[in-house]
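**Student:** Here you go, one structure.
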Amino acid sequence: MHIFLLTNPNPNLKFPPSLSNITNPARSSFSSPIIGSTGSPLLPTARPISPCVRALSSEMDLLDDRRSHTLMEYFGKTGADVGDDMAILIAHLEYACKRIAALVASPFNLELGRRPAHGEVGLSSSGRDAPKPLDIISNDIILSSLRSSGKVAVMASEEDDLPVWITDDGPFVVVVDPLDGSRNIDVSIPTGTIFGIYNRLEELDHLPIEEKVQLNALQSGNRLVAAGYALYSSATILCLSFGSGTHAFTLDRSTGDFVLTHPCMRIPPRGQIYSVNDARYFDWPNGLRQYIDTIRQGKGQFPKKYSARYICSLVADFHRTLIYGGIAMNPRDHLRLVYEANPLSFLVEHAGGRGSDGKTRILSIQPVALHQRLPLFLGSLDDIHELESYDNIQQKVNPGYEV
Ligand SMILES: O=P(O)(O)OC[C@H]1O[C@](O)(COP(=O)(O)O)[C@@H](O)[C@@H]1O
């Protein structure tokens, strides 16, 4: 078994950065000897920017010079004032996502995407799915980045039964699904990393570690201070919100920088796309069937026939929904409140949309178990409100499906 690209490609370079070189921590990791580390001659500094940018003021003033801006530049000057601790944490997460992006795209890691022939199958005692080697390696990459950030007290991962206590004085708690959609990895369908960031609950510092890790990780989505996802697709996208707008950055593979490409994203109030695994139609409750039948025929509140798109990779389905509008849904108890539903709801709400379990706003649900699963509906405000008006949309029949 070959495992390539798990280590820093250039061992002389220290990653991720300390605050002193945070201006552009990742540039040199991807610099090529031909292009050099200060930028690519193939890429002019003046790039086209979205027309919406011109309408943005204050926070987006940094775009006025029509230069592309990296994530770290965005944290500086006129960009998001997230504080040094958060900037350092994001720099480490950014680096972890780049490592995972390289890992999932590597021709030498194909067998890591397969389930072990004699390994764990089905669900673990905590209700987690059996992981693939790539899930475990991605988890290790994230953990090692969070450890070296020095900024994280607790990491709770979809891949671990229990949260990990990292450092006593880390100001943050990170919840993460390291590699969502890994069931698709054999066939090169997009995958993603989802994360949410909370403040450490200092009032719990006196408790034994076993108690405070759980309680810190079980904070309600209302308390998120930041969230994000990385999409590993034809482009690698890092989408972030710190509570004022949702912004997406695209990886420039020639320099290793995430460049701000989608500032202040706004999900359209209506889309014309629904995204669901509709092979489950006959296990759906009546309300959900009626809703889908209605919008397919163009007989809903929005008098257009909706189209279906379903990649079966949550980050990819969510990313499309954020940009085009509509609804991405999984109506059965399958996706996790802590690692998936809360961070994505935070991102969609800060883009003007809504995250719902079909009845209740996701961010207001108090988690009671780390690996708690629930129905999830994410998308355009008007579409979600229309869907919620159908009483019975949560799929309670959940036999578990083979594929
Ligand atoms: O089987 P379903 O109900 O279509 O669920 C598919 C969903 O499950 C996921 O694959 C996540 O589940 P896993 O963590 O088991 O991969 C999502 O990416 C996808 O949206």
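The values are calculated or read from the model by the stated rules, or taken from the named source; none is laboratory data. Computed from a predicted structure; not experimentally measured. Here the Cβ positions follow ideal geometry from the backbone for every residue, glycine too, while neighbour counts run over all protein chains shown. Only protein heavy atoms, including side chains, enter the accessible area calculation; ligands, DNA and RNA are left aside. Shrake-Rupley method; radii C 1.70, N 1.55, O 1.52, S 1.80 Å.
**Student:** With segment 218-257 as the region, which strands (runs of 3 or more DSSP E) entirely inside it contain at least 3 residues that are open to solvent by 10 Å² or more (accessible area, probe 1.4 Å) and acidic (Asp, Glu)?
**Tutor:** Those strands (runs of 3 or more DSSP E) do not exist here; none qualify.
**Student:** Take Gly325 and decide whether it is on the phi > 0 side of the Ramachandran plot, more than 16 Å from the ligand (Cβ to nearest atom) and crowded, with 19+ Cβ neighbours inside 10 Å.
**Tutor:** It is true that Gly325 is on the phi > 0 side of the Ramachandran plot, more than 16 Å from the ligand (Cβ to nearest atom) and crowded, with 19+ Cβ neighbours inside 10 Å.
**Student:** Which of (1) within 13 Å of the ligand (Cβ to nearest atom); (2) over 25 Å from His92 (Cα atoms) is the odd one out, the single condition Arg361 does not satisfy?
**Tutor:** Here Arg361 meets the rest and fails (1).
**Student:** Can you name every residue in segment 150-182 that is farther than 24 Å from Tyr232 by Cβ, open to solvent by less than 10 Å² (accessible area, probe 1.4 Å) and assigned to a strand (DSSP E or B)?
**Tutor:** Selection gives Ala153, Val154, Val173.
**Student:** Of the conditions (1) open to solvent by less than 20 Å² (accessible area, probe 1.4 Å); (2) within 16 Å of the ligand (Cβ to nearest atom), Phe346 fails just one. Which one is it?
**Tutor:** (2)
**Student:** Tally the residues that are open to solvent by less than 40 Å² (accessible area, probe 1.4 Å) and over 15 Å from Gly358 (Cβ atoms), restricting the search to segment 282-301.
**Tutor:** Step one: filter segment 282-301 for residues open to solvent by less than 40 Å² (accessible area, probe 1.4 Å), giving 284-285, 287-288, 291-292, 294-295, 298, 300.
Applying the additional criterion that residues be over 15 Å from Gly358 (Cβ atoms) yields 294-295, 298, 300.
Adding up the residues that qualify gives 4.
**Student:** I'd like the full set of residues that are touching a helix residue (DSSP H, G or I) at 6+ places or on another chain (Cβ under 7 Å) and modelled with pLDDT of 95 or more, limited to segment 374-391.
**Tutor:** Correct list: Leu374, Leu376, Phe377, Leu378, Gly379, Leu387, Tyr390.
Okay, residues lined up against (1) more than 22 Å from Phe195 (Cβ to Cβ); (2) of a type in the set (A, V, I, L, M):
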| residue | (1), (2) |
| --- | --- |
| Arg309 | yes, no |
| Ser313 | no, no |
| Arg320 | no, no |
| Tyr339 | no, no |
| Leu344 | no, yes |
| Glu349 | no, no |
| Asp357 | no, no |
| Ala369 | no, yes |
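**Student:** Still on this structure, please answer the following. Return the residues of segment 134-149 that are open to solvent by less than 40 Å² (accessible area, probe 1.4 Å) and within 19 Å of Arg200 (Cα to Cα); say none if nothing qualifies. First the steps, then the outcome.
**Tutor:** Residues of segment 134-149 that are open to solvent by less than 40 Å² (accessible area, probe 1.4 Å), as a first pass: 134-135, 137-139, 141-143, 145-146, 149.
Across segment 134-149, the qualifying residues are Ile142, Leu143, Ser145, Leu146, Ser149.
**Student:** Among the listed residues Glu402, Glu349, Glu340, identify the single one that is free of Cβ contacts under 8 Å to residues at least 40 places away in the same chain and within 25 Å of Asp160 (Cα to Cα). Talk me through it step by step, then tell me what you get.
**Tutor:** Values: Glu349 fails: within 25 Å of Asp160 (Cα to Cα); Glu340 fails: free of Cβ contacts under 8 Å to residues at least 40 places away in the same chain.
Just one listed residue meets the conditions, Glu402.
**Student:** Something else: Condition first: without any contact (Cβ under 8 Å) to a residue 24 or more places away in the chain and within 16 Å of the ligand (Cβ to nearest atom). Now tell me which residues in segment 149-173 satisfy that.
**Tutor:** Within segment 149-173, just Asp160 meets the criteria.
**Student:** All but one of (1) in contact with an Asp or Glu (Cβ under 6 Å, 6 or more places away or on another chain); (2) near the ligand (Cβ under 9 Å from one of its atoms); (3) open to solvent by 10 Å² or more (accessible area, probe 1.4 Å) hold for His334; which doesn't?
**Tutor:** The failed condition is (1).
**Student:** Now a separate question. What number of residues in segment 290-315 are without any contact (Cβ under 8 Å) to a residue 60 or more places away in the chain and within 16 Å of the ligand (Cβ to nearest atom)?
**Tutor:** Summing the residues that are without any contact (Cβ under 8 Å) to a residue 60 or more places away in the chain and within 16 Å of the ligand (Cβ to nearest atom) in segment 290-315 gives 4.
**Student:** I need the full set of residues from segment 183-208 which are open to solvent by less than 20 Å² (accessible area, probe 1.4 Å), within 14 Å of the ligand (Cβ to nearest atom) and either assigned to a helix (DSSP H, G or I) or touching a Leu at 6+ places or on another chain (Cβ under 6 Å) (or both), in order please.
**Tutor:** Asn184, Thr191, Gly192, listed by residue number.
Residues are listed down the side, and each one gets a yes or a no for (1) under 20 Å from Asn330 (Cα atoms); (2) not small (Gly, Ala, Ser):
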{"residue": "Val225", "(1), (2)": "no, yes"}
{"residue": "Ser234", "(1), (2)": "no, no"}
{"residue": "Gly256", "(1), (2)": "no, no"}
{"residue": "Leu260", "(1), (2)": "no, yes"}
{"residue": "Phe282", "(1), (2)": "yes, yes"}
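**Student:** Does segment 273-295 hold any residues that are touching a strand residue (DSSP E or B) at 6+ places or on another chain (Cβ under 6 Å) and not in a helix (DSSP H, G or I), and which are they?
**Tutor:** Those that are touching a strand residue (DSSP E or B) at 6+ places or on another chain (Cβ under 6 Å) and not in a helix (DSSP H, G or I): Ile273, Tyr274, Ser275, Val276, Trp284.
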